[in-house]
């Protein structure tokens, strides 16, 4: 069945998010609520949302609004009707009665519920109606979270369910996993259990909340919020409601019951208005002292707040073996939490799903885990796991595995999709080379480079792998959330703190050399950005020959924020792109002034559509809704360019001093208006020096190497200043910019 029109009933957070993602896919959607004013307000919120729910604001025209009383007839033209109203069964039943009286024959009807079983939702439906009814549980925010759980029942027309899955994968860009009708489905059942184990074990072992979050975070391949930070983010009161639902729905002997019981401190926090970030605070709170905001954390024993302490476990990468083998309380806590998660997740096979891989993917897509429970088990090792585990009674999965001792039990990844993904092909590929920052794989007749650092930041090792991998056609792509957040500032500051500016200069030169090598390699280079693609990450992308971009990107040159200028060819490439515009052909200063504005303000784009007007991406660059499809699209690009020839080198004609003076006047105006301060002027002047061509004139021709040289010189002059070093250190410590 082809889905051409959709109606979403309920314009709250989830209904609005679903409508917005349908908008992004160019699917006409009508958003209904009790009053048209409510759905119109929701439409306005979608338009102004931050982070944006739309990949292009003009797509808002795909949404029409109305109310349930006057406009319900739109349901008769819809191919899919999504119910996203409040979690009250009586209200939902009334809505379904109206939908099934009005819908056209065969139209799919689904609920976005996260907690009510399908058997209860559909109890008033006829057998014929039940065929077309399912749960489509999207995760919030809908645009950015990859997971969609499609919950089926024994009554469903499976062909229709599969067609809905294909639609949601191909057009909405979702990782759509079909699962059985069990409490919490896949993601929340395991994810909420994991959170509760992490919390209850922290109480039991008398860890501070900062210690627990430091372990149950990046070292385990889990987002840095940790468990207590995540509780605050979601809302402590909302989590309490979620737990009550699980307690009600799950059997009394389910292990979940043990970790879901009410904790007195949580009850106290809710009663006093400490419900998390939306309230007065939660496990963490912001307090003011001497005019400054201070982050405080609650003590789980005394229930008093004190200044939050940063816990550094000295762990840069996910390394579960080393983490659980630590001879300290952190290793003990990590093993206790991880082993319990693995035991619980494996006890759900085949009840929730007979494909244990799907549980891993639900955790990746719905909770942003790097590894799911079964991948954790694979990394720890079957033998090691069973040597340390206490009991796994009535756990069929572990009973069978304990007998087979099969270290290669995992099999193929990402079984839920037929798309040839990076995750699927990596086990089949040949690992050509590997260092601390990146890996090179050979697959068929091309190479793949994957960055492996935190946020995929770039250093000498990253460049080394990129350069080595150009002996064949190359795809630069990552499984992790980010393409690259840019050059590793900590790596650079290690040299700066030692006064070793020669090593900084050597690295930047090698970075430039590598990017130029990518651009003019005899084999094509394709970059596949997703997530953060900033600074140096963008410079790798912009000097690749082809780009296949996920729609969820944050792309741009942001170096000025930390008191630097792009020095890996970013200024050069942006200058070249803008110099090809019609305006630049009439005005020799147009391109430089335009790029001065873009880089000077560190402008970013949050989608390929936003990136094109800035010339961060070109119209011919591929734009992909489903992140899983990035690899196959890159592969197609290589196949289509088997007769690839490297581009000709760029040449520049820039005005020099008169152009630089125009830029300095702009800086002076900004300074007088107090938009920038002293160091902002200095950074701006260095950027102006590059983009004006330095000591040149309009009759001279500059090469790419000339621009690289200007970038390097300006970068080095800035990195040697105390003010830039202060900006970098402040950003590394707080994640926020320093204006000086």
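The values are calculated or read from the model by the stated rules, or taken from the named source; none is laboratory data. Every value quoted in this text rests on a predicted model; they were computed, and no experiment measured them. Here the Cβ is made from the backbone with ideal geometry for all residues, glycine too, and neighbour counts use every protein chain on show.
Computed quantities for the displayed model
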| read-out | value |
| --- | --- |
| Matching option when the condition is assigned by TED's automatic domain parsing to the domain that holds residue 371 and within 28 Å of residue 177 (Cα to Cα), among 314, 327, 355 | 355 |
| Of all residues making up segment 8-36, the number that are within 13 Å of residue 71 (Cβ to Cβ) and assigned to a helix (DSSP H, G or I) | 1 |
| Test for residue 618: is it modelled with pLDDT of 95 or more, surrounded by fewer than 19 Cβ atoms within 10 Å (Cβ to Cβ), out of contact with any strand residue (DSSP E or B) (no Cβ under 6 Å at 6 or more places or on another chain) and assigned to a loop (DSSP other than H, G, I, E, B) | yes |
| Qualifying positions in segment 635-667 - surrounded by 15 or more Cβ atoms within 10 Å (Cβ to Cβ) and assigned to a strand (DSSP E or B) | 652 |
| Output for segment 525-536, where each listed residue is within 20 Å of the chain's Cα centre (by Cα) and within 22 Å of residue 632 (Cβ to Cβ) | 527, 528, 529, 530, 531, 533 |
| Candidates 130, 59, 101, filtered to the one that is over 24 Å from residue 179 (Cβ atoms) and either within 26 Å of the chain's Cα centre (by Cα) or buried (at least 18 other Cβ atoms within 10 Å of the Cβ) (or both) | 59 |
| Sole exception among (1) farther than 30 Å from residue 534 by Cβ; (2) at pLDDT 95 or above; (3) not assigned by TED's automatic domain parsing to the domain that holds residue 349 for residue 381, by number | (3) |
| Looking only at segment 153-174, and only at residues there that are modelled with pLDDT under 95 and in contact with a helix residue (DSSP H, G or I) (Cβ under 6 Å, 6 or more places away or on another chain), the one that is farthest from residue 419 (Cα to Cα) | 155 |
| Out of 516, 522, 572, 509, sole residue that is in a loop (DSSP other than H, G, I, E, B), more than 27 Å from the chain's Cα centre (by Cα) and touching a residue at least 24 places away in the same chain (Cβ under 8 Å) | 522 |
| Residues (touching a helix residue (DSSP H, G or I) at 6+ places or on another chain (Cβ under 9 Å) and more than 19 Å from residue 6 (Cβ to Cβ)) located in segment 132-144 | none |
| Test result for residue 670, in a helix (DSSP H, G or I), touching a helix residue (DSSP H, G or I) at 6+ places or on another chain (Cβ under 6 Å) and modelled with pLDDT of 95 or more | no |
| Unmet requirement for residue 375, which otherwise passes all of (1) outside any helix (DSSP H, G or I); (2) outside the structural domain of residue 487 (by TED's automatic domain parsing); (3) surrounded by 16 or more Cβ atoms within 10 Å (Cβ to Cβ) | (1) |
| Hey, residue 470 surrounded by fewer than 24 Cβ atoms within 10 Å (Cβ to Cβ), outside the structural domain of residue 145 (by TED's automatic domain parsing) and at pLDDT 95 or above or not | yes |
| Residue satisfying condition, being touching a residue at least 12 places away in the same chain (Cβ under 8 Å) and assigned to a helix (DSSP H, G or I), within set 419, 352, 341, 311 | 341 |
| Tally of residues being part of a strand (DSSP E or B) and under 30 Å from the mean Cα position of the chain (by Cα) across segment 281-306 | 11 |
| Exclusive hit being buried (at least 24 other Cβ atoms within 10 Å of the Cβ) and in a strand (DSSP E or B), set 547, 565, 595 | 547 |
| Candidate set from segment 10-31 (those that are under 20 Å from residue 95 (Cα atoms) and in contact with a helix residue (DSSP H, G or I) (Cβ under 6 Å, 6 or more places away or on another chain)); member that is surrounded by the most Cβ atoms within 10 Å (Cβ to Cβ) | 31 |
| Test result for residue 720, farther than 30 Å from residue 585 by Cβ, more than 31 Å from the chain's Cα centre (by Cα) and not assigned by TED's automatic domain parsing to the domain that holds residue 309 | yes |
| Top-ranked residue of segment 250-276 - restricted to ones that are under 30 Å from the mean Cα position of the chain (by Cα) and not in a helix (DSSP H, G or I), ranked as nearest to residue 394 (Cα to Cα) | 260 |
| Matching residues, segment 59-109, being modelled with pLDDT under 95 and touching a strand residue (DSSP E or B) at 6+ places or on another chain (Cβ under 8 Å) | 62 |
